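Input: a single structure, listed below in structure tokens.
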Amino acid sequence: MSVGPIIDSHVHLWDPERVRIPWLDGVPPINKRYDLADYRAATEGQDIAGLVYLQVEVAPPYALIEARDLVELARANPIIKAVVAWAPLEFGEQTRYFLEELTSLGPEIRGIRRIVQDEPDPEFCLQPDFIAGNQLLAEFGMTSDLCCNFRQLGPITELVRQCPQTQFILDHIAKPNIAGDEMEPWATQMRKLASVPNVVCKISGVATEAKHDSWDVDEIKPYILHALECFGEDRVVFGSDWPVATLAVGYGNWVGILADLTSDWSALARQKLFHDNAARFYRIAT
């Protein structure tokens, strides 16, 4: 089923032989180089109008180098429409200097992602300085990608409430415990988060929250449909989470699943999901 042109809101590219990426040590199947040629091969047959590069959690000393290299890559490869970089948002006002350095690299950098999913304290995101760092993004015209898991979704909602001028996007529908067959309290908390107007939701990274080698569509369907229903057609965005998603699902299969689950949507609504909403959020000219 054709979905029309796609802006993929969540793509990673990396070379662990060149840059230290500690978390890949524990994921041997994807602990190798992935570049644009690999992405093009994986997306063959799809109408990819553009992609958004998401920081890959390199070791912090490499963070500015990662951002610099991606700006240069984007200028040489127009398919990269925006870059989401890393910044130490937990430093509050002291994050300003880092953001100034990122801004000086070029307008290709549209947002920041400071992952909290691995923080042992589920309320890490409610530290006053972390809140201040997220508030500071609005001053720089940058968005904030939220990468959390279902245990942190309640505090994440409060973070978003306390930063009304910052635009947020939730990655991977907050990583619900699909493998454990848990809907609550994730489902209720997703509805609460969706009630806050300055946040949208990426429909991405869902299959990898199920058991990688044994899931089926019926298992992940309720979670996807709930996220779509909570946020509505104007605040949901397609993302592949490639190549991480390859641990559980192929690119074409993932597009096909979302196409099937939205087959009763209007053509315009599906265009918003697969293209328009990402273009609007990441300020991509089309």
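The values are calculated or read from the model by the stated rules, or taken from the named source; none is laboratory data. Owing to the predicted nature of the structure, the values given are computational and were not obtained by experimental measurement. Using ideal geometry, Cβ is built from the backbone for each residue, glycine included, and neighbour counts are taken over all protein chains shown.
Out of all the residues in the range 191-206, is one or more surrounded by 15 or more Cβ atoms within 10 Å (Cβ to Cβ) and at positive phi?
Yes, some residue in the range 191-206 is surrounded by 15 or more Cβ atoms within 10 Å (Cβ to Cβ) and at positive phi.
Looking for something assigned to a strand (DSSP E or B) and touching an Asp or Glu at 6+ places or on another chain (Cβ under 8 Å) - is there at least one such residue anywhere in the range 84-96?
Checked against the condition, which is being assigned to a strand (DSSP E or B) and touching an Asp or Glu at 6+ places or on another chain (Cβ under 8 Å), the range 84-96 yields at least one hit.
Any residue at all in the range 242-262 that is touching a residue at least 60 places away in the same chain (Cβ under 8 Å), out of contact with any His (no Cβ under 7 Å at 6 or more places or on another chain), farther than 22 Å from Val52 by Cβ and part of a helix (DSSP H, G or I)?
Within the range 242-262 (the criterion being touching a residue at least 60 places away in the same chain (Cβ under 8 Å), out of contact with any His (no Cβ under 7 Å at 6 or more places or on another chain), farther than 22 Å from Val52 by Cβ and part of a helix (DSSP H, G or I)), the answer is yes, since at least one residue qualifies.
For the range 106-119, does any single residue satisfy the condition of being of a type in the set (D, E, K, R), in contact (Cβ under 8 Å) with a residue 12 or more places away in the chain, touching a Pro at 6+ places or on another chain (Cβ under 8 Å) and within 17 Å of Pro60 (Cα to Cα)?
Yes; the residues of the range 106-119 include at least one that is of a type in the set (D, E, K, R), in contact (Cβ under 8 Å) with a residue 12 or more places away in the chain, touching a Pro at 6+ places or on another chain (Cβ under 8 Å) and within 17 Å of Pro60 (Cα to Cα).
Hey, can you tell me all the residues within the range 1-59 that are at pLDDT below 95, among the hydrophobic types (A, V, I, L, M, F, W, C) and either closer than 11 Å to Pro243 by Cα or in contact with a Phe, Trp or Tyr (Cβ under 9 Å, 6 or more places away or on another chain) (or both)?
Matches in the range 1-59: Val3 only.
Suppose we filter Ala138, Ala76 for residues that are without any contact (Cβ under 8 Å) to a residue 12 or more places away in the chain, among the aliphatic types (A, V, I, L, M) and surrounded by fewer than 17 Cβ atoms within 10 Å (Cβ to Cβ); which single one remains?
Ala76
Of the residues Thr103, Thr143, which single one is touching a Phe, Trp or Tyr at 6+ places or on another chain (Cβ under 7 Å), surrounded by fewer than 16 Cβ atoms within 10 Å (Cβ to Cβ) and more than 23 Å from Ile224 (Cα to Cα)?
Thr103
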